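S.K.: Pasting in a structure now, in structure tokens, and then I'll have a few things to ask.
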Amino acid sequence: MSDLWFGLMRFLSDGLTGANWWQLILVTLALTHVTIAGVTIYLHRHQAHRSLDLHPIASHFFRFWMWLTTGQVTKEWAAIHRKHHAKCEQAEDPHSPHVHGIKTVLLTGAELYRKESKNQETLDRYGHGTPNDWIERNLYTRFSWQGVALMLIIDVALFGVAGMTVWAVQMAWIPITAAGIINGAAHYWGYRNFEATDASTNISPWGILIGGEELHNNHHTYPTSAKLSVKPYEFDIGWMYIRLMEMVGLATVKKTPPKLAFGDVRPVADEKTLEAIIANRYEVMAGYAQEMRAACKREMQALQARSGDVAVMAAARRWLHRDDDKVPASVKPQLAQARAEHPVLDKMVTMREELRALWSSTNATREQLAVDLQAWCRRAEESGIAALRDFSIQLRSARA
């Protein structure tokens, strides 16, 4: 009896593996990272956005792993995420911090998901194309919570009582990182490469801990891209895994971010130029924003040389390149002052809005838009502003 009791105590202490504390930490990080990979590769990029196809082996592995570690039903996740894109930052957005409050999304993001998963209209409208086979209907969806219970049994068997801590971290990982941080912080803090129509931001240029989802502004700009990094200094570990899977036949990439190409400068912008600009409009406007920031910097340097007040220009450098609806109301008077006092900046803002009209116009013909683009380039090159002239010449070399 004493031997049996000793064996039981030892099992509860060490489990089947006898792992020490640092091994437990490494195992926990590895297990949660596989879960993150499953969310970003399977649920997000494959199921919700169809940006890549997965081999049935890879697809079912991730589906099984999601059942074990999150209890997440694929149809619910995909439907809620698609609705988020369709209604982003609007009252119907399931988890926008600008609708529900940043504190609510950060701390109770999982509850917002759970509430929306009960909305049958959301599932019917946005849940199309998700798995509906026998095992989905009779196991993964029907017994969604039993998967995480099985994971608890496995963790305790492998690691003893400490396995309960491993399991608790696994269960908290996605609610904290995805439902909280990505849905909350990635629509509130961070940097933006592109002026997407929503408030999405990139939390970090190195997407490692959350599988590349840190590059959220990039994703909202190009939602159907399997690759979330766009700048040379950005790293998307989820994309690295996808490329490795593609090399062994487990994945097929369908779409990546468009890249604006350049060739010889055309004498005048034509319909092909227009096509290239519209197809790559976010990249075009990001380049224009860079020119505006550079112009603000030059104006600041000139003011400093004259011992002028640079506070207004500092605000202009930070905000003038942003879309008007993304600029805080408290800053707008300073931007208006900067435009009134600096004709170069005022002209660049005006020309930016005219350029944007090329793809926002709904009633102009293709031929008329090409004529408008030619007129825009002519005004830019005759403006006397070097940045506008150079930008226009570059546009005339754009290729689709």
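The values are calculated or read from the model by the stated rules, or taken from the named source; none is laboratory data. Bear in mind the structure is a predicted one, so any value in this text is a computation, not a measurement. Note that we place each Cβ from the backbone using ideal geometry, even for glycine, and neighbour counts take in every protein chain shown. All accessible areas refer to the heavy atoms of the entire protein, side chains included, with ligands and DNA or RNA removed. Shrake-Rupley method; radii C 1.70, N 1.55, O 1.52, S 1.80 Å.
S.K.: On a 0 to 90 degree scale, rounded to 10, what angle separates helix 144-159 from the longest Cα axis of the chain?
M.R.: Computed tilt is about 70 degrees.
S.K.: Amide H to amide H under 5 Å from TRP206: which residues, 5+ apart in sequence or cross-chain, H placed 1.01 Å off N in plane?
M.R.: When sequence neighbours closer than 5 places are left aside, the close amide H contacts are PHE235.
S.K.: Just to verify a number: FRET efficiency for PHE64 and ASP124, C-beta to C-beta distance, R0 = 22 Å, to 0.05?
M.R.: Details: r = 26 Å, r/R0 = 1.17.
Plugging the Cβ-Cβ distance into 1/(1 + (r/R0)^6) gives 0.30.
S.K.: So, in nm, how far is label TYR233 from label ARG306 when the simple model puts each one 7 Å beyond its Cα toward the Cβ?
M.R.: Computed distance between label sites TYR233 and ARG306 equals 3.2 nm.
S.K.: Could you compute the longest span of the chain free of trypsin sites (Lys or Arg not before Pro) located in DSSP loops and having at most 11 other Cβ atoms within 10 Å, not counting the site residues? Each step should come with its number before you reach the end.
M.R.: Numbers: sites that count: LYS118, ARG142, LYS259, ARG306.
Result, exposed sites excluded: 1-117.
S.K.: Between segment 386-400 and segment 61-122, what is the separation of their alpha carbon centroids in Å?
M.R.: Here the two parts' Cα centres lie 42 Å apart.
S.K.: Report the paramagnetic label zone for LEU150: residues of segment 35-58 whose backbone N is under 18 Å from a point 7 Å from Cα along the Cα-to-Cβ axis.
M.R.: 35, 38-39, 57-58
S.K.: Under the rule of -39500 (n - 2.57) per DSSP H run of 4 or more residues, summed and divided by the residues of the chain, what mean residue ellipticity at 222 nm is obtained, to the nearest 500 deg cm²/dmol?
M.R.: So the calculated ellipticity at 222 nm is -18000 deg cm²/dmol.
S.K.: Per residue, how much accessible area does the chain show when a 1.4 Å probe rolls over the protein heavy atoms, in square angstrom?
M.R.: Values: 20020 Å² over 400 residues.
I get 50 Å² per residue for the chain.
S.K.: Then there's this: Can you return the lysines within cross-link range of LYS254? Criterion is Cα-Cα under 29 Å, with same-chain partners fewer than 8 residues away left out.
M.R.: LYS75, LYS83, LYS87, LYS227, LYS231, LYS272
S.K.: While we're on this one: Determine, from the Cβ-Cβ distance of ARG322 and ARG389 and an R0 of 35 Å, the FRET efficiency 1/(1 + (r/R0)^6), rounded to the nearest 0.05. Intermediate values should be presented prior to the final figure.
M.R.: Working: r = 24 Å, r/R0 = 0.67.
Efficiency, rounded to the nearest 0.05: 0.90.
S.K.: Still on this structure, please answer the following. Leaving ligands, DNA and RNA out of it, report the carbon-plus-sulfur percent of the accessible area of the chain at a 1.4 Å probe.
M.R.: Values: 11910 of 20020 Å².
Roughly 59 percent of what the probe reaches on the chain is carbon or sulfur.
S.K.: Hey, another quick one. Compute the distance in nm between two label points, each set 7 Å from the Cα along the Cα-to-Cβ direction, one at THR252 and one at LYS297.
M.R.: 4.5
S.K.: Of the residues ALA302, ALA179, ALA276, which exhibits the maximal mean-square fluctuation in a Gaussian network model of the chain defined by a 10 Å Cα contact cut-off?
M.R.: Result for the chain, Cα springs under 10 Å: ALA302 fluctuates most.
S.K.: Return the single residue from ALA294, ALA329, ALA315 with maximal mean-square fluctuation; model: Gaussian network over the chain, springs between Cα atoms under 10 Å.
M.R.: Per the Cα network of the chain with a 10 Å cutoff, ALA329 tops the list.
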